[in-house]
Amino acid sequence: MMRETGVSRLTSRVFFMGPALAVFAGIILIPISMSVYYSFFQWDAISAKIFIGLENYLRLLQDPVLWISLKNSLLLTLGALMIQLPAGLFLAIILSYKLKGSNFMKTIYFTPVMLSTAVLGILWGQIYDPNFGLLNSLLDNLGLGQLAHAWLGEQSTALGSVIAVVAWQFIGFYIVVFYAALQNISDEVLEAAKVEGASEWRIILRIQIPLIWPIITFTVLNCVINSLKYFDLIYIMTGGGPNNSSEVIASYMMKNAFKLMDYGYGSTISSFLMLFGLLLALIISKGLGRVNARFQ
Amino acid sequence: MDGTGVILKQRQLGLKLRQKSGSRKGAVKLVLYLILLIHLVFTGYPFVWMVISAFKSDKEYFANPWGLPTEWHFENFAKAWNQGISSYLFNSLYITLFSVLGLLVVSTLIGYYLAARPFRGSGLLLGMFFLGMLIPVHSTLIPLFIMANAAGAYDTFWSLFFPYIGFNLPVAVFLSHAFFKDVPKEIEEAAVVDGCSIYQSFFRIYFPLAKPVLATVTIVSFFSIMNDFVFPLVMVSKEALKTLPIGLMMFKGNFSASYSLISAALVITTTPIIVMYMFLQKYVHKGVVAGAVKG
């Protein structure tokens, strides 16, 4: 094939790759390096930056709220992994038996995924409302009135209530992804297993799950990365409260930067968030890759 | 390998085995169906409740959270629509439309080039885009906010437009690159023999071929941009630029006492998305799966 050379190659490269590289550099690469750079300064965006070396990082290590946020972020991640993925897989397997109405149900299950977290946050805020909310009213009607809570206003229930909404929103996503993966398994393989007298459980555990393992690997990674970034619902539903009990790393970073105008420390937290996420992604992909290898 | 006769025999055997446990199968089916239904109610009822609440008066909202409204208050919708929701909706559509268009152009250009003219380092470039998927938006917000201020882009269209393209690029580049890589090389070779330049071969041949991937990228990015909460929160304070997610928060603050009015606003916000989703359901699922199963 004819290849461009010299100047014409240069212009075509700039034409085709320039816009994407410029946006990617300007929106992601440069800001990330600036974020790391700012993390070494004390800075409120009004007075001059003061270089303070690693002081922000020392502060980070001693900041009790950061540790609460980290713990909460991990709880959120764990909650997502333990609720959304298994429930998604379980329901996808049921749907793959093609019972009547399966397609309709799949459509409804996915609906919350398409909606903005602002809508869902406000809607669930109303459901959790201590005085007029559906949840407490439901508990009352069931004679479980003593279980009623000010769900988002109490330290013991705020984070859990948000985790439940995140699960409610995203189970549908995993249902659709796993369902598509299950459809890709050839019927002959399943048929052959049935003929050999394999039970449904055996088929699920020995054939279906191993065959879609690469997809599961990906969803675990996806789930962890997204949970660490989780911010919207926390901001909308609890604002990190009460008393920091539902603060996560991203919301704590936003609070420091844009509410307290502490851009230096905010940058330190966001650098920490990024490094922590990359590290976790690395560990997970290594670990799951090893299991992958065993399956193959 | 099996002959057809053997397969047929095995199928019959399998059928027999299945018939044997027929009644147990029926019970299992019923339980599975019940599970699906429970999850259906769990997922769907909040929306049903939202719609019902939107038609109530505030008094009835508080007094009777479960039942249907005794009087249907259609005026809640008109009121919510006129109190800002309409302008937030149009702002959202406007910024989303232009960002998606920009994203389509930028991502297909580079996706095509990396697929059709690979060079030393092009693999590295692709890898860099993939790494971009792991970067949390929050790690870039402070610098982007500072840069936007310095460039006079704070509170303008551009402070949303460029971040939306940037953060949706990784998936879009991946999808378009994967697509263009699978287009047979012979097509372009023929074009080059006929005297086509790389520009002509992109615009005349490859870009028109790329409709399926353009549709996928559009669907995946449309919803993520339309629903984004973080960038308008940080980059915009002007009423004239507020998008739906932020606008809804404002609306909720302004009418915090009127739960039924807020419900009406939620219904108005949700309806266009749900209608679109119902029509494009098959493509949305396909697009999301393609976007999700990147590697």
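Can you tell which of A:LEU288, A:LEU280 is closer than 16 Å to A:LEU228 by Cα and out of contact with any Pro (no Cβ under 7 Å at 6 or more places or on another chain)? Walk me through how you get there before you give the answer.
Working: A:LEU288 fails: closer than 16 Å to A:LEU228 by Cα.
On inspection, the qualifying residue turns out to be A:LEU280.
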*Given the conditions (1) open to solvent by 40 Å² or more (accessible area, probe 1.4 Å); (2) at the interface with another protein chain (Cβ under 7 Å from one of its Cβ atoms), report the number of the one that A:ILE127 does not fulfil.*
(1)
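Might you check whether a residue that is more than 11 Å from chain A (Cβ to nearest Cβ) and under 26 Å from B:GLY84 (Cβ atoms) occurs anywhere in the range B:241-252?
Taking the range B:241-252 as the starting set, the residues that turn out to be more than 11 Å from chain A (Cβ to nearest Cβ) are B:241-242.
Among the residues that remain, those that are also under 26 Å from B:GLY84 (Cβ atoms) are: B:241-242.
Yes, some residue in the range B:241-252 is more than 11 Å from chain A (Cβ to nearest Cβ) and under 26 Å from B:GLY84 (Cβ atoms).
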_Subset of the range A:239-278 (residues that are in a loop (DSSP other than H, G, I, E, B), in contact with an Asp or Glu (Cβ under 8 Å, 6 or more places away or on another chain) and either at the interface with another protein chain (Cβ under 10 Å from one of its Cβ atoms) or of a type in the set (Asp, Glu) (or both))_ = A:ASP262
*For the range B:102-133, name all the residues that are under 26 Å from the mean Cα position of the chain (by Cα), of a type in the set (A, V, I, L, M) and farther than 17 Å from B:ASP228 by Cα.*
B:LEU104, B:VAL105, B:VAL106, B:LEU109, B:ILE110, B:LEU114, B:ALA115, B:LEU125, B:LEU126, B:MET128, B:LEU131
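Test B:PHE202 against the criterion of being open to solvent by less than 20 Å² (accessible area, probe 1.4 Å), hydrophobic (A, V, I, L, M, F, W, C) and closer than 18 Å to B:LEU97 by Cα, and give yes or no.
Values: open to solvent by less than 20 Å² (accessible area, probe 1.4 Å): yes; hydrophobic (A, V, I, L, M, F, W, C): yes; closer than 18 Å to B:LEU97 by Cα: no.
Taking the combined requirement at face value, the residue does not satisfy it.
For the range A:4-39, how many residues are open to solvent by less than 60 Å² (accessible area, probe 1.4 Å) and either modelled with pLDDT of 90 or more or closer than 25 Å to B:THR108 by Cβ (or both)? If you could, list the steps in order and put the result at the bottom.
Narrowing the range A:4-39 to residues open to solvent by less than 60 Å² (accessible area, probe 1.4 Å): A:4, A:6, A:8, A:12, A:16-21, A:23-28, A:31-32, A:34-36, A:38-39.
Remaining after also requiring either modelled with pLDDT of 90 or more or closer than 25 Å to B:THR108 by Cβ (or both): A:4, A:8, A:12, A:16-21, A:23-28, A:31-32, A:34-36, A:38-39.
Qualifying residue count for the region: 22.
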*Say whether the condition of being within 21 Å of A:LYS259 (Cα to Cα), of a type in the set (Asp, Glu), open to solvent by 20 Å² or more (accessible area, probe 1.4 Å) and modelled with pLDDT under 90 is met by at least one residue in the range B:226-249.*
yes
*Looking at A:ASN226, A:ASN222, which one is open to solvent by 20 Å² or more (accessible area, probe 1.4 Å), more than 9 Å from every other protein chain (Cβ to nearest Cβ), among the polar types (S, T, N, Q) and closer than 30 Å to B:LEU248 by Cβ?*
A:ASN226
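The values are calculated or read from the model by the stated rules, or taken from the named source; none is laboratory data. Only a predicted model underlies this, so the values are computations on that prediction, with no experimental measurement involved. Neighbour counts are summed over all protein chains in view; Cβ atoms, including those assigned to glycine, are modelled from backbone coordinates with ideal geometry. Heads up: the accessible areas ignore ligands, DNA and RNA and are worked out on the full protein's heavy atoms, side chains in. Shrake-Rupley method; radii C 1.70, N 1.55, O 1.52, S 1.80 Å.
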